[in-house]
2 protein chains.
Amino acid sequence: MTEIATQLPEIDTHYRGPLLAMEASFLAHQKEIEAWFRQSWIKTPPPFYASVDLRNAGYKLAPVDTNLFPAGFNNLNPAFTPMCVQALQAAFEHVCPMARGALLIPERHTRNLFYLESVAALAELFELAGFDVRVGSLDAAPGEIDRRILPSGRELSLHPIERHGDRLMADGFSPCAIVLNNDLSGGIPPILDNIEQTIIPPMALGWWNRRKSVHFSHYQDITHEFAERIGIDSWLLNPLFADCGEIDFLKREGEDCLAEQVERLLTQIAEKYTEHGIDQEPFVVVKADSGTYGMGVMTARSAADVIGLNRKQRTRMTASKEGLSISRVIIQEGVHSFETMSRDHHVAEPVIYMIDRYVIGGFYRVHTERDVDENLNAPGAHFVPMSFAESCVTPNATMGPDACPNRLYAYGVVARLALLAAAREVADVTATGRIA
Amino acid sequence: MTEIATQLPEIDTHYRGPLLAMEASFLAHQKEIEAWFRQSWIKTPPPFYASVDLRNAGYKLAPVDTNLFPAGFNNLNPAFTPMCVQALQAAFEHVCPMARGALLIPERHTRNLFYLESVAALAELFELAGFDVRVGSLDAAPGEIDRRILPSGRELSLHPIERHGDRLMADGFSPCAIVLNNDLSGGIPPILDNIEQTIIPPMALGWWNRRKSVHFSHYQDITHEFAERIGIDSWLLNPLFADCGEIDFLKREGEDCLAEQVERLLTQIAEKYTEHGIDQEPFVVVKADSGTYGMGVMTARSAADVIGLNRKQRTRMTASKEGLSISRVIIQEGVHSFETMSRDHHVAEPVIYMIDRYVIGGFYRVHTERDVDENLNAPGAHFVPMSFAESCVTPNATMGPDACPNRLYAYGVVARLALLAAAREVADVTATGRIA
């Protein structure tokens, strides 16, 4: 059973003021914000689906990761299943209106039961929305069907994918839409190359090609425009970042450039802290510019932190999912996570889910072992998901700006700003065939 | 507070079998049904919004009225507000994508507090969906704003509508979309004639022009096609009907034709009853071919019932809303309502709401004074609305065909068949400028 967060996490009282001001501003401009999003989606249609990891420092609310092949659908509040169904129907209407069914392709080597629960939950949503669905495995040998009963009781069958000419098929089923839930960290598998079926989302959005620095560059432009409209400093929504070309941690190439950029970014953050009266120590996060799963992530509080790494640390920064070695890194302003669950003071990080342009819910990733300035999405990280009790689309002007529906509305707004950045990435790959 | 129907009404056990079979068939064909609806909406886009009154006789589940200017939004389960918000956003995307706001025009002479609650609830949904909204009154004198606090605590301001050239304005607000919640029984008010703003739904769908016989003729075609696909007799979904041109009850013109048609229809129904083993007495409902509110409605069990009406009865059949005198009638197969609320055995009639193509919920109109073969939507009729506890979009194949989510799914399917008939009416008026 999914646990529901009946109470919002608490924000360190010291920093609640700026958050309240931001939430109040979102509420006051709600109709303008929605009209602006509507016009934005006409210009740049949203991706099929996405999840956004947010960090709420009270003085700042910002996305730190935007996932275009989201997992975690099993962690959403079942009360909002009808919204997901409706959103999926709208999403297919936009990308593949004649689709009767879809072949869902998840990550390879899927022994992670939490992930399999998410795949099964997603497949269930497709069925509820009235689409025939098969889950196809990139690993399974011909004829070898992997049938599982998951801990939740959900059933999941992974069928081997067959290629017939330029069409994919699984379990004798060859639908017009292929939905990827695989972030293609290892590149485009040959079996997916030059397929005549519609592949959703476009494969060029996989991590073999996508770059966080491009995403956050779009995000920065968007928050500048947005913040000006509603009269706030865009920094309150935007994590500063820098990148510095190719880095080879093992050969220690690019280390000086990295140290310099870290230093510069820390100085910029410190200036912002002074401007906004924040008495925290700035930190940055150094991570792979492409990739996910929190591998190769490092926190730095000074340039010295990235110089003279020992062999183990350097090897860790080089390792990434599916052996993709890190060659580019992004240095991102660290955003403290000052939301804590009141009952045990564990750090909580909101994760927001969207299908098409619709915010369909989310959950708190409640971390039981980590501190406020640590990455909460790490391999083996122990977290408990707590579904949002309310939707993110029903702000209530008669309640306080930090009341549950209003804080969740604010999360939905910031998540959609990141979604819009992803929409611009989609437009880039649609226009050029690859991300610029 | 809205009361929620935590238990489904009971169906007379004698007739539960056919209903179970139909529900099971809908469940078994769910994906085919949804794919068919999706393709249908591409050919004929749905109207902006609608409500459908259903009657469930156990052996038969059919719409008896499709309202394209629905009231009753205050009776929906607040748990589904996020779905309504999402559906409204999709609806505007389809009919007026650049709209930033809407002017909502309700019925005239709106002293009915239940109706005003619905208007206020609808305006609230528009606001939640991120649209600026004003409610404009066709009655108010210039400068005269009618502000009310309704029993629910909702506030409603009715602003006088001003016309400037070919644009309407209210409260200094002149949005690009005018949303009608006025069924135009009395014709198109001059102030609405030749407006440059987009009027939603098209005014040609008002009762001054729309005809039930046209709606049910489309509905008949649709159910023939649909029933064939899922292998059931279309009569199980389709109320038989007849019309016989102009009738003047006061002058007793057309009475013979009416009696003849009533006789013929009763015979057809009796044949169907024999075919399906139903031991009920057939009845028909004679009602105005255009109009609403249950005025001018008569039940007949034999041709004699419509011959030799006394003056009072004839006057009643002539009176209709806004003085629209009845000239055409539709004779419709009466469908018994065999759903009764178990606690007090009151007759319950489901009313299903749709925005765009999405079923957003509904309620039972629980009647406290009427019998199973009576019209439950009559002026002064005393009914208690009981909101559906669950959505109509999450059928559950692991539960019995008559379990709550599955019966509500069946209601949503039949309501959408009526919605599709209305979509064909929209296509007719779009193509020809008036309903054929």
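Read-outs throughout are calculated quantities, based only on the coordinates presented, and are distinct from any laboratory measurement. This is a predicted model, so every value here is computed, not measured. Counting neighbours? That spans all protein chains shown, and the Cβs are built from the backbone with ideal geometry, glycine included.
Here the stretch B:78-200 carries DSSP beta bridges of which approximately 40% are antiparallel, counting only pairs with both residues inside. The mean number of Cβ atoms from other chains found within 10 Å of a Cβ in peptide B:83-90 is 6, as a whole number.
Normalised by residue number, the volume inside the convex hull of the Cα atoms of the stretch B:190-314 is 153 Å³ per residue.
Dipole size of chain A about its Cα centre, with +1 on Lys/Arg Cβ and -1 on Asp/Glu Cβ: approximately 520 debye, rounded to the nearest 20. R0 = 30 Å: FRET efficiency of B:Glu155 with B:His94, Cβ-based, nearest 0.05? Once rounded, the FRET efficiency stands at 0.50. Legend: residue pairs B:Lys272/B:Lys312; A:Lys212/A:Lys312; A:Lys31/B:Lys31, Cα-Cα distance threshold 30 Å; pairs beyond threshold, B:Lys272/B:Lys312; A:Lys31/B:Lys31. Note on the stretch A:5-142: dipole from Cβ charges, positive end direction compared against A:Ser51, A:Thr81, A:Ser137; the farthest Cα belongs to A:Ser51.
A Cβ-based charge dipole, computed about the Cα centre of the stretch A:72-173 with Lys and Arg at +1 and Asp and Glu at -1, lands at about 80 debye.
Take the Cα radius of gyration of the protein assembly as shown and divide it by 2.2 N^0.38 Å, N being the number of residues; the result is 1.04. Taking the square roots of five times each eigenvalue of the Cα gyration tensor of the stretch A:42-112, the equivalent ellipsoid has semi-axes of 25, 18, 14 Å, listed largest first. The calculated FRET efficiency for the pair B:Lys312 and B:Ala140, based on their C-beta separation and a Förster distance of 22 Å, comes to about 0.05. Summarising the overall dimensions of the stretch A:242-334 from its C-alpha atoms, the Rg and Dmax are 13.4, 43 angstrom. Relative to the Cα centre, the charge distribution of the protein assembly as shown, modelled as +1 at Lys and Arg Cβ and -1 at Asp and Glu Cβ, gives a dipole magnitude of about 460 debye. Mean partner shielding of peptide B:68-81, defined as the number of other chain Cβ atoms within 10 Å of each residue Cβ, is 1.
Normalised Debye scattering of chain B at q = 0.11 Å⁻¹ gives log10 I(q)/I(0) of -0.85, counting only Cα atoms as equal scatterers and leaving out solvent. Shape analysis of the stretch A:329-371 places it in the oblate category; the axes a ≥ b ≥ c from the Cα gyration tensor give an a/c of at least 1.5, with a/b not above b/c.
Here's how it looks for A:Arg55: its modeled amide H is under 5 Å from those of A:Ala62, A:Val64, which are all 5 or more places away or on a different chain. With bins 5 Å wide beginning at 0, the percent of Cα pairs of the stretch A:78-200 falling in each bin runs 2, 11, 22, 24, 21, 14, 6, 1, 0.
Inter-part distance, the stretch B:1-61 to the stretch B:276-290, computed on C-alpha centroids, equals 20 Å.
Karplus-based coupling profile of the stretch B:225-231, in residue order and whole Hz: 5, 5, 5, 5, 4, 9, x, with θ = phi - 60° in 6.51 cos²θ - 1.76 cosθ + 1.60 and x standing for Gly or Pro. Per-residue ellipticity at 222 nm, computed for chain B from helices alone with -39500 (n - 2.57) per DSSP H run of at least four residues, works out to -10500 deg cm²/dmol. When each of B:Cys176, A:Cys84 is scored by the number of other beta-carbon atoms lying within 10 Å, the sequence from fewest to most is B:Cys176, A:Cys84.
Taking the number of Cβ atoms within 10 Å of each Cβ as an exposure proxy, the fewest-first ranking of B:Lys60, B:Lys251, B:Lys31 is B:Lys251, B:Lys31, B:Lys60. Other protein chain C-beta atoms within 10 Å of residue C-beta, averaged over A:25-34: 3. Projecting the Cα atoms of A:Asn238, A:His218, A:Asn182 onto the charge dipole of the protein assembly as shown (Cβ charges, centred on the Cα centre) puts A:His218 farthest toward the positive pole. Label-point distances for B:Glu225 to the equivalent site in the other copies, using a point 7 angstrom along Cα→C-beta, read 4.1 nm when ranked shortest first. Computed 3J(HN,Hα) for the stretch B:202-218, one whole-Hz value per residue from the Karplus formula 6.51 cos²θ - 1.76 cosθ + 1.60 where θ = phi - 60°, is x, 4, 5, 8, x, 5, 4, 10, 6, 10, 4, 5, 5, 4, 6, 5, 4, glycine and proline marked x. Using only alpha-carbon positions in the stretch A:120-191, the gyration tensor eigenvalues give semi-axes of 20, 15, 13 Å once each is multiplied by 5 and square-rooted (largest first). Protection proxy ranking, highest mean first, for peptides B:209-215, A:244-250: B:209-215, A:244-250, where packing is the per-residue count of other beta-carbon atoms within 10 Å, averaged. In this structure the amide hydrogen of A:Gly334, modeled in the peptide plane, comes within under 5 Å of the amide hydrogens of A:Phe283, A:Val284, A:Val285, none closer than 5 places in sequence on its chain. For the stretch B:124-279, the Cα-based Rg and Dmax, in that order, read 22.9, 63 Å.
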